[in-house]
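The values are calculated or read from the model by the stated rules, or taken from the named source; none is laboratory data. Everything numeric here is computed off the predicted structure, so don't read it as measured data. Note that we place each Cβ from the backbone using ideal geometry, even for glycine, and neighbour counts take in every protein chain shown.
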Ligand SMILES: [Zn+2]
C-alpha cells in the first residue's frame with residue numbers, strides 16, 4: 001500500500017516520478033487566468049485567519065458544505081470565522097474522492113507544512129497553527145505568491161475597471177507580473193435592459209464619452225481596450241453558454257441598440273444578433289492589438305432562483321450545460337479567419353462531452369503562423385480534477401499536439417490554489433510515465449523532460465508574449 005499523499009502522490013511509475021521531480025516541480029507558475037482580486041496583491045494583504053483566505057469566496061467549498069447538510073449561515077452567512085472553519089473541518093472527511101479532499105491537504109502541506117488530515121479532531125490545532133503563520137509577514141499575499149514560485153498572474157477585469165491596483169503593483173516593482181485580462185461579458189448582456197443601460201452609464205464614465213449610438217459604444221470599448229493594452233493586458237476572456245454567430249446587418253444592429261437604449265426589451269432574435277455582432281467586434285479588437293482571446297463555453301448559471309436572489313452570482317449554483325457548441329463556434333471563428341483577423345485563441349469547454357469536439361475544432365484554424373495558435377484549454381471548473389484533466393489531455397493528445405499545450409491555470413479565487421498546478425503536473429507526468437512503462441512512447445527522458453517543462457511553463461510564456 002502506498003502512503004497517502006507522499007512526495008510521489010499520483011505518480012505511479014518511476015518515469016512519472018523522475019519527470020515530475022526533475023522537470024515539472026522546478027518550473028515557475030504561469031497563471032494566465034484567475035479571479036483573485038488585484039487589490040489584495042496591491043495592498044499585500046495579510047489574512048487574519050485561515051477562514052478568510054480559504055472559505056471566503058470559495059464556492060467549491062460552499063457547495064460541498066451544503067451537500068453535507070451545513071446551514072448557509074456557516075457558508076456565506078454571519079457565523080464567526082471559527083464556526084465556519086469548524087463546519088468545513090466536519091465536511092472534509094466527507095469529501096473523500098472529491099478533489100477538495102486532495103486540494104485541502106495539498107494546500108495545508110504546501111503552504112503551512114501541515115501533514116495532519118483535517119477533521120473535527122484536528123480542527124482546533126490546524127486552525128491555530130495556520131492562523132499563527134498567517135499573521136507573520138511570511139504569509140502576506142505577495143509572500144504566498146512567491147512561495148508558490150509564480151511568474152505571471154492574469155486577473156479577470158471588466159472594461160470599466162480603473163486598473164489602479166495593477167498600476168500600484170507595477171509601481172512597487174513586485175517581481176511577479178500581475179496583468180489585467182479583458183472580460184467584457186457585461187457589455188453584451190442585453191437580456192436585461194435595465195442592467196445593460198446601467199452598465200453603459202458606468203462605461204460612459206470610464207471612457208469619458210457619451211454612448212448615444214452603436215458606433216459610440218464601439219468607440220468607448222475600443223478606447224478602454226487601448227487603455228487595458230497600455231496597462232500590459234494582452235488577453236481577453238469571455239464566459240458564454242455557446243459562441244454566437246447569427247447573420248446581421250449594420251442597420252439591424254443600430255436599430256437594436258436604439259431600442260434597448262430607449263428602455264425597451266429585446267426579443268430572442270435581436271439578442272442573438274446583437275451578441276453575435278459584439279463577439280465579432282471583440283475578436284476584431286483583440287486581433288488589432290495582437291492579443292489572445294479565451295472562450296469559456298458551456299456553463300449553465302444561477303440555477304437556483306431562491307438562493308440567487310439571496311446571495312447573487314458565483315455562489316455555487318452553476319452547473320454543466322448542454323448547449324450546442326460546434327456549428328456557431330466554427331462559423332464565428334471562420335468569419336474572423338476569412339478576414340485574416342483571427343487572434344490566437346484558447347477554447348475551454350465545461351461539458352466533457354465536448355472534449356473531442358474542441359480537440360478537432362482547434363485543428364480547423366491552425367494555420368502555421370504560431371505553434372499551437374488554437375489552444376484546447378485545460379480542464380476547467382467542474383473538470384479541473386484528475387479525471388477531467390486526464391480526459392482533456394487524452395483528447396488533445398489524440399486529436400492535436402499535446403507538446404504545444406499552454407497548460408494549466410488556477411481559475412482561482414484563493415491565493416492558496418496554486419497547488420492546482422502541482423495537481424495538474426503530477427497528473428500529466430503520470431500519464432506520460434504510464435505510456436513509457438507500456439512501451440507506447442520512448443523512454444527518452446530528454447524529449448519527455450523538455451515536453452513536460454514546456455507544458456508546465458515555457459509554452460505559455462512563449463505563446464502569450466506578455467512583456
Ligand atoms: Zn474563470
Item to check | Close pairs from the range 381-396: first within 14 Å of residue 10 (Cα to Cα) and touching a residue at least 12 places away in the same chain (Cβ under 8 Å), partner outside any helix (DSSP H, G or I) and within 16 Å of the ligand (Cβ to nearest atom), Cβ under 7 Å, at least 6 apart | outcome: 389/378; 389/379
Next on the checklist: Please verify whether residue 279 is within 16 Å of the ligand (Cβ to nearest atom) and either modelled with pLDDT of 95 or more or under 19 Å from the mean Cα position of the chain (by Cα) (or both), treating the condition exactly as stated.
Outcome noted: no
Item to check | Among the residues listed as 275, 341, 309, the single one being over 18 Å from residue 235 (Cβ atoms) and surrounded by fewer than 19 Cβ atoms within 10 Å (Cβ to Cβ) | outcome: 309
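Residue-wise test of (1) surrounded by fewer than 17 Cβ atoms within 10 Å (Cβ to Cβ); (2) within 16 Å of the ligand (Cβ to nearest atom).
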site	(1), (2)
142	no, no
147	yes, no
155	no, yes
170	yes, no
175	yes, no
182	no, yes
189	yes, no
198	yes, no
215	yes, no
Next on the checklist: Checking the structure you have, find out if any residue of the range 296-306 is touching a residue at least 40 places away in the same chain (Cβ under 8 Å), buried (at least 16 other Cβ atoms within 10 Å of the Cβ), under 25 Å from residue 35 (Cα atoms) and touching a helix residue (DSSP H, G or I) at 6+ places or on another chain (Cβ under 6 Å).
Outcome noted: no
Next on the checklist: Every residue in the range 91-109 that is touching a helix residue (DSSP H, G or I) at 6+ places or on another chain (Cβ under 8 Å) and more than 23 Å from residue 382 (Cβ to Cβ), please.
Outcome noted: 108
Checklist entry - Here are 401, 383, 396: which of them is closer than 20 Å to residue 24 by Cα and either surrounded by fewer than 16 Cβ atoms within 10 Å (Cβ to Cβ) or within 16 Å of the ligand (Cβ to nearest atom) (or both)? => result 401
Checklist entry - Does any residue in the range 34-62 that is within 15 Å of residue 142 (Cα to Cα) come within less than 7 Å, Cβ to Cβ, of a residue that is within 16 Å of the ligand (Cβ to nearest atom) and in a loop (DSSP other than H, G, I, E, B) six or more places away or on a different chain, and which pairs are these? => result 36/155; 36/412; 36/413; 36/415; 38/155; 53/414; 53/415
Checklist entry - Mind checking which residues of the range 394-418 are within 14 Å of the chain's Cα centre (by Cα) and at negative phi? => result 406, 408, 409, 410, 412, 413, 414, 415, 417, 418
Checklist entry - In the range 121-130, which residues are in a loop (DSSP other than H, G, I, E, B) and surrounded by 13 or more Cβ atoms within 10 Å (Cβ to Cβ)? => result 122
Checklist outcome for this item: Here the residues within the range 203-217 that are within 19 Å of residue 163 (Cα to Cα) and either assigned to a helix (DSSP H, G or I) or touching a residue at least 40 places away in the same chain (Cβ under 8 Å) (or both) are 203, 204, 205, 206, 207
